[in-house]
Amino acid sequence: MRQGSICRTRLAFAAVVALVAAAGLAAAPLAAQEALAFSDVELERGQRLYQAHCGRCHGVLGLGGEGPGLAVSRLPRAPDHAAVIEIIRDGIPGTGMPGLRATILPDEEAALVAAHVISLRQAQLVEIPGDAERGREVFETTGVCYSCHIVEGRGVGIGPELTGIGMRRGPEYLRASLVDPSAELPVFRSGARSGFAQYLPLRAVTSDGTVYEGMRANEDAFTVQLITATGSIVSLRKADLAELEKRFGHSLMPATMNLSGEDIDNLIAYLAGLGG
Ligand code: HEC
Ligand code: HEC
């Protein structure tokens with residue numbers, strides 16, 4: 001499945017380069033030319049080096065994790081190939097982004113990794129097939145998405161707020177989160193709580209046999225708080241628990257939700273437009 005996605009990204013990238021070249025789009029030509037200067041073989045090497053050096057923080061597909069997603073339409077601090085190389089070399093001081101010295105990643109390899117990063121972004125410029133307006137209807141009606149998500153102040157915040165999701169997540173990620181919600185759970189970005197998996201489904205059983213199921217909202221050494229499916233918050237003392245099951249790799253978000261392929265395309269078009 002992962003391998004499949006990588007292939008799609010690469011194909012989409014080729015399509016976009018062709019599209020950008022044909023249409024002469026104003027925003028991207030510079031980056032497109034830069035990436036085009038690398039052969040397919042070089043780009044593939046860049047992808048492998050990226051996965052080895054960057055994947056653990058930015059995700060193997062660039063969808064983000066401890067570091068931000070790089071498969072997004074705009075990177076504020078890395079507008080072009082040269083800027084990506086500079087970030088690879090120097091890191092971003094004062095943040096979780098480390099610099100990589102030339103002894104670890106020689107200049108020639110850093111250039112290939114940067115080309116891969118640029119290609120991740122270009123794949124996001126692909127036209128999305130769905131119809132955003134119909135996606136909004138599915139979101140509000142049959143999809144029952146408001147029962148777990150907030151968009152612009154409306155809905156229930158059991159899952160992450162989706163206002164502005166189109167700025168943070170590319171279409172590949174959005175598709176994965178609808179088709180296979182447990183594939184990649186959002187993780188806190190940086191700082192002291194780095195690596196704390198958010199939206200972790202929990203099952204807790206107290207010593208008197210009461211069962212609580214919901215999503216972890218917070219946890220420390222002595223207590224755990226979870227949000228139940230109806231949106232109420234329960235705080236439990238670990239000393240009172242007979243059992244606490246953390247369901248890593250599971251999502252509270254229902255996996256099938258009875259959405260057709262067309263519904264999913266339309267939803268992606270709608271979500272991609274939020275905030276963008
Ligand atoms: C140890 C984790 C870690 C590794 C390894 C890592 N990064 Fe990062 N990276 C981060 C974090 C965290 C940030 C966000 C920094 C901030 O603003 O707080 C970041 C930011 C960036 C940005 C800036 C994005 C923007 O918003 O403009 C780029 C580009 C980037 N990384 C590329 C790479 C590349 C390429 C590699 C591999 C050579 C890499 N990173 C390896 C953690 C990592
Ligand atoms: C029963 C609650 C529930 C319902 C219903 C639900 N979601 Fe989710 N959703 C979640 C949770 C919890 C997450 C957090 C990550 C995970 O578990 O996959 C999530 C994650 C997401 C994400 C990824 C957000 C991010 O920042 O990573 C998207 C996009 C999303 N949902 C869209 C939808 C859409 C569209 C619908 C309606 C078709 C929907 N969800 C219905 C609970 C739900």
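We did not get these values from a lab; they are worked out from the coordinates using the rules stated. Fair warning: this is a prediction, and the values are worked out from it, not measured in the lab. In this analysis, Cβ positions are derived from the backbone assuming ideal geometry, glycine residues included, and neighbour counts consider all displayed protein chains.
Worth a mention:
- Cut-off 12 Å between beta-carbons: net charge of the residues surrounding Gly209, Lys and Arg +1, Asp and Glu -1: -3
- Expected-Rg normalisation [2.2 N^0.38 Å, Cα atoms] applied to region 201-246: 1.00
- For region 201-246, the relative contact order comes to 41 percent (Cα pairs under 8 Å, sequence separation of at least 6).
- Annotation note: trypsin sites (Lys or Arg not before Pro) in region 44-92 located in DSSP loop regions with a Cβ neighbour count of at most 14 within 10 Å are Arg74, Arg77.
- Summed side-chain charge close to Phe222 - residues other than Phe222 whose Cβ falls under 14 Å, Lys, Arg +1, Asp, Glu -1: -1
- The GluC sites (Glu not before Pro) of region 89-162 that DSSP puts in a loop, and whose beta carbon has at most 12 other beta carbons within 10 Å, are Glu127, Glu152.
- Annotation: Cα Rg of region 41-148 relative to the compact-globule expectation 2.2 N^0.38 Å equals 1.31.
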